[in-house]
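Here, each number is a calculation from the coordinates, and none is a lab measurement. Just so you know, these numbers come straight off a predicted model, no measurement behind them. When we count neighbours, we look across all protein chains shown, and the Cβ atoms used for this are built from the backbone with ideal geometry, even at glycine.
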Amino acid sequence: MDKKTDVKSLTMEELKQAMAALQEKPYRAGQLYEWMHVKLARSWDEMTNLSKGLRAKLDQKYAYTALREAAVQTSRIDGTKKYLFALADGNFVESVWMQYHHGNSVCISSQVGCRMGCRFCASTLDGLERNLAPSEMLDQIYAISRSSGERVSNVVVMGTGEPLDNYDNLLRFIRMLSDENGLNISQRNITVSTCGIVENIKRLADEKLQITLALSLHGSTQEKRRALMPVANRYDISEVMDACRYYFDQTGRRVTFEYALVGGVNDTEEDAEQLCRLLAGMNCHVNLIPVNPIKEQRSYIESERRDILRFQDKLEKRHINATVRREMGRDIDGACGQLRRRFS
Ligand code: SAH
């Protein structure tokens, strides 16, 4: 990004101060905020109730970013759309649009690439390039909203990147997305998925937001988890579980545990048994994801259907709420762990 301040990442309060500095009336901040975050303007030129003089003044000091839609693929199976967006600096990110009975959901990326190194995930193969700015996270939703002409009701931060590795920008993004002056998406309809950065789960808990925390577990013991996720070398599974309990205690929000079922690796009856023990007594939800094979990692294959159902059954019998995630957009590589930095 260039040296000008990124105007779309400023809160309403900050915009008011910015207007004061330009000797403009405070209500101008409201107009500008509405252009950016409600009318989803793509450039200064669209802001017709701001004078040309003011627009020019703003342009001198502030950068107005908008994503360029570089490609869209539509799933023939379920209508899911995968978008490739070009950022101002020439990097790319992918985002996914999904339609469910209960509303429209957008899955956004939080970083260009990822440095977490989960063995089964395509998004981490090239490492981390950089964090996304709040505006770039918002813009994925805005661009898709404009392009589909429909209201987005749910946002999941489950695309490329580790959101809690980009903490400050993520927080600002959530506050702006749920701001009543903007798209006003209820925090209850926002989910942030993390591989388990313990200190930032606790920080997030202390913010007392109403968002859903999804924790990528993928193994029910320290050893199993470590074999799939390098982040487990930094935090023991017991610390991760404590952080999740803390999140629930602070926010009252039930934590979702994501568990990608990998054939012969973490899908046995013993694995299910251990998971039951790990989660016993917790108010939580388990999302079982049949692993999406990626071409670079051929040894990770999807579990057999009957093993998936047996796994789920075992959890339910122990009164642990478990669903098998419907994989959307699989034919366009739009499902979990299939998003990439580069288009291929
Ligand atoms: N970094 C965050 C969010 C991005 S990944 C996290 O780790 O949670 C979103 C979810 O997809 C995570 O649960 C992740 O482990 C899972 N995932 C990654 N690759 C996958 C694959 N190939 N098949 C199924 N799920 C996968």
Next item on the list: With unit charges on the beta carbon (Lys/Arg positive, Asp/Glu negative), name the residue among 282, 117, 71 whose Cα is farthest towards the positive pole of the charge dipole of the chain.
Entry: 71
Notebook entry, point to check: Using the alpha-carbon centroid of each, what span in Å lies between the stretch 83-148 and the stretch 210-280?
Noted result: 24
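Grab the beta carbon distance between residue 181 and residue 233, set R0 = 30 Å, and tell me the FRET efficiency rounded to 0.05. Please list the in-between numbers first.
Values: r = 43 Å, r/R0 = 1.42.
Efficiency computed from Cβ-Cβ geometry: 0.10.
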Note to self: From the phi angles alone, apply the Karplus equation (6.51, -1.76, 1.60; θ = phi - 60°) to the stretch 255-268 and give each ³J(HN,Hα) in whole Hz, x where the residue is Gly or Pro.
What the structure shows: 7, 9, 9, 9, 9, 7, 7, 10, x, x, 9, 9, 10, 7
Next item on the list: Calculate the spin-label point distance for residue 282 paired with residue 323, positioning each point 7 Å from the Cα along the beta-carbon direction, and give it in nanometres.
Entry: 1.8
Next item on the list: Report the extension gain between residue 254 and residue 199 in nm, rounded to one decimal, defined as 0.36 nm multiplied by the number of residues separating them, less their alpha carbon distance.
Entry: 17.9 nm
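Need one number: % antiparallel among DSSP beta bridges in the chain, to the nearest 5. Don't jump to the answer; show the numbers that get you there.
Working: 21 of 46 bridges.
Around 45 percent of the beta bridges assigned by DSSP in the chain are antiparallel ones.
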Notebook entry, point to check: Reachable aspartates and glutamates from residue 57, Cα under 12 Å, same-chain residues fewer than 8 places away excluded?
Noted result: 24
Checklist line | aspartates and glutamates whose Cα lies under 17 Å from that of residue 314, excluding same-chain neighbours fewer than 8 positions away | finding: 258, 267, 269, 270, 271, 273, 304
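In debye to the nearest 20, how big a dipole does the chain give about its Cα centre with +1 on each Lys and Arg Cβ and -1 on each Asp and Glu Cβ? Intermediate results must be reported in sequence, preceding the final value.
Working: 49 positive and 46 negative charges, 123 e Å.
Around 600 debye, computed over the chain.
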Next item on the list: For the chain, build the charge dipole from Cβ charges (+1 Lys, Arg; -1 Asp, Glu) around the Cα centre, then report which of 15, 312, 235 sits farthest towards its positive end.
Entry: 15
Notebook entry, point to check: Counting only residues 5 or more places away or on other chains, whose amide H sits under 5 Å from the amide H of residue 65 once H atoms are built in the peptide plane?
Noted result: 7, 8
Notebook entry, point to check: In the structure displayed, which of 202/295; 39/202; 3/25; 25/202; 16/81 lie more than 31 Å apart, Cα to Cα?
Noted result: 202/295; 39/202; 25/202; 16/81
Note to self: Quick check of the Kirkwood formula: for the stretch 222-344, what is the inverse mean of 1/r over all pairs of different Cα atoms, in Å?
What the structure shows: 15.7
